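Asks: My questions all concern the structure below.
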Amino acid sequence: MASITKQASGLREVQFVAPDQKRQTIRLGRTDQKTAESIRMRVEELNIARIHGTSALASTAHWLGSIGESLHKRLVRAGLCNPRVMHQQNETTLTQMLEAYIARRDDVKPGTRAIYRQAQKHLERHFGASSSLGSITAGGAADFRRLLRKAYSEAYTAKIIIKARTFWRDAVDRKLVDSNVFAKVQTGSQVNTKRHRFIDRATIDRVIAVCPDPQWKLLLALSRYAGLRCPSEHLALRWGDVDWKQGRLTVRAAKTEHHADGGVRVTPIFPELKPYLLAVFEQREEGEENVITRYRQANCNLRTQLIRYIKKAGLTPWPRLFHNLRASCQTELVERFPAHVVCEWLGNSEAVAREHYLQTTDEHFAKAIAGGTVPEPAQKSDAESDAVRSGNGSHCVAQEPVFMQKLREILHLAKGCDAVQIEKWAVQGSNL
């Protein structure tokens, strides 16, 4: 068994007993306990493999290929692995390069790692897994994009090309290749506007109405009326994050936790959201910290359930179910508040909002057609309201607006008057 020791100076080291029964030490220097524990586990696996004359696990082999030269040489001196065989430039295979890069990127989210694997699959299928990097040219990279575009959307193609460009940029930095063959390949836009949908309040309220419990209703309200990312930001909510007195909600975003603010932002408890939040608060169990206590299992498919509720409400499921709720929230809020304020509340930048979230709605067209104001047919004029209150609304005729009355008087008086008088009266009438 391998163990970790910490010197008085704060330096850590891993110790283990080799097959010859001699104690070996691998000095790690000044490192944290978590990193030291990770190395200890790998050292133990390598030592067991050497004792039994077997190969190391695939994950450990990948780890060996990703660690720095200094640590690798210490493992070699301890007899745990063989010295690295340096590939001549352009002799590294495509799979070797991709596997080494992905193994090193243990700092990315699972979603990003999944995209790395998808890009690897497409690259290996097109160029061949065992092909050398030196055999892949800029022309071949351009052909790769054209064939990819024939089979997939522009947005997906752009995503794969961007990842391929990242792989080759890293290979250039490590002197595996001379140049990035994807540097001049057009990426295109990652935005698929065909999947944009603005989900208005009436639509989401119909869906919320058929949801089976207060927590499902809150999941949708948080997405549509507060713009939270589902499910990560919903599940991270704690009751300690809810400031009822100030009307504010502290949101923790795993997606942006590497940013300077640690992925923490504060957003208002909007009036549309508050009733759903209160309903869950009133049903919480004593001592419960999580706002959403259900639907936390890894196998809980919120998307499938939401599609079922949308159909139950008599509606057709829209693309990108939760993303479009968040996008609709941001589109609506920028009509009422400055863009930089809304972006701070939703945890993205104005550039990202313009490209991925903000949408053109039917209301925008209606406002343009109406000359800058959206007609509100539900609202009655003062004359109509007075008629209803007096009980005469059933046969009341809407009165002519004051401005139109004045304009009619001006046109009547204008007969026989000069242009200066007409202009004067027109200005007076427009100020009414």
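The values are calculated or read from the model by the stated rules, or taken from the named source; none is laboratory data. Keep in mind it's a predicted model, so treat the numbers as computed, not measured. Note that each Cβ is placed from the backbone with ideal geometry, even for glycine, and that neighbours are counted across all protein chains shown.
Asks: Limited to segment 102-141, what total is found for residues that are under 15 Å from residue 165 (Cα atoms), within 19 Å of the chain's Cα centre (by Cα) and loosely packed, with under 15 Cβ neighbours inside 10 Å?
Replies: Number of matching residues: 3.
Asks: Pairs needed: first member in segment 205-230, in the same structural domain as residue 304 (by TED's automatic domain parsing); second member anywhere, assigned to a helix (DSSP H, G or I) and of a type in the set (Asp, Glu); C-beta distance under 8 Å; at least 6 residues apart or different chains.
Replies: Hits for this filter: 222/233.
Asks: Inside segment 3-30, can you point out the residues that are within 37 Å of the chain's Cα centre (by Cα) and surrounded by 17 or more Cβ atoms within 10 Å (Cβ to Cβ)?
Replies: Matches in segment 3-30: 28 only.
Asks: Can you name every residue in segment 148-189 that is among the hydrophobic types (A, V, I, L, M, F, W, C) and exposed (fewer than 14 other Cβ atoms within 10 Å of the Cβ)? Before the answer, list the steps.
Replies: Taking segment 148-189 and keeping what is among the hydrophobic types (A, V, I, L, M, F, W, C), we get 148, 151, 155, 158, 160-162, 164, 167-168, 171-172, 176-177, 181-183, 185.
Within segment 148-189, 151, 183 qualify.
Asks: List the residue pairs whose Cβ atoms are under 8 Å apart, where the first residue sits in segment 325-350 and is among the acidic types (Asp, Glu), the second is assigned to a helix (DSSP H, G or I) and at pLDDT 90 or above, and the two are 6 or more positions apart or on different chains.
Replies: Note: pairs meeting the criteria are 350/339; 350/340; 350/343.
Asks: Give segment 299-324 a look and list any residue that's under 19 Å from the mean Cα position of the chain (by Cα) and free of Cβ contacts under 8 Å to residues at least 40 places away in the same chain, or say none.
Replies: Hits for segment 299-324 are 301, 303, 321, 323.
Asks: Moving on to the next point. Quickly run through segment 5-50 and pick out the residues that are in a loop (DSSP other than H, G, I, E, B) and on the phi > 0 side of the Ramachandran plot.
Replies: In the first step, residues of segment 5-50 are kept if they are in a loop (DSSP other than H, G, I, E, B); the result is 7-11, 18-22, 30-32.
Within segment 5-50, 10, 21 qualify.
Residues are listed down the side, and each one gets a yes or a no for (1) in a helix (DSSP H, G or I); (2) in contact (Cβ under 8 Å) with a residue 12 or more places away in the chain; (3) touching a helix residue (DSSP H, G or I) at 6+ places or on another chain (Cβ under 9 Å); (4) over 16 Å from residue 181 (Cα atoms):
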| position | (1), (2), (3), (4) |
| --- | --- |
| 101 | yes, yes, yes, yes |
| 111 | yes, no, yes, yes |
| 117 | yes, yes, yes, yes |
| 121 | yes, no, no, yes |
| 130 | no, yes, yes, yes |
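Asks: Also, quick follow-up: Which residue is nearest to residue 78 (Cα to Cα), if the candidates are limited to segment 6-51 and must be at pLDDT below 85 and among the hydroxyl-bearing types (Ser, Thr, Tyr)?
Replies: 31
Asks: Also, I was wondering about something else. Restricted to segment 330-360, and to residues that are surrounded by fewer than 15 Cβ atoms within 10 Å (Cβ to Cβ) and in a loop (DSSP other than H, G, I, E, B), which residue is modelled with the lowest pLDDT?
Replies: The selected residue is 360.
Asks: For segment 51-77, give me each residue that is aliphatic (A, V, I, L, M) and assigned to a helix (DSSP H, G or I). Reasoning before the result, please.
Replies: Just the residues of segment 51-77 that are aliphatic (A, V, I, L, M), to begin with: 51, 56-58, 61, 64, 67, 71, 75-76.
Residues satisfying the conditions are 51, 58, 61, 64, 71, 75, 76.
Asks: Hey, among 55, 59, which residue is more than 17 Å from residue 18 (Cβ to Cβ), loosely packed, with under 14 Cβ neighbours inside 10 Å and touching a helix residue (DSSP H, G or I) at 6+ places or on another chain (Cβ under 8 Å)? Explain how you work it out, then say what you get.
Replies: Values: 59 fails: touching a helix residue (DSSP H, G or I) at 6+ places or on another chain (Cβ under 8 Å).
Every option except 55 fails the conditions.
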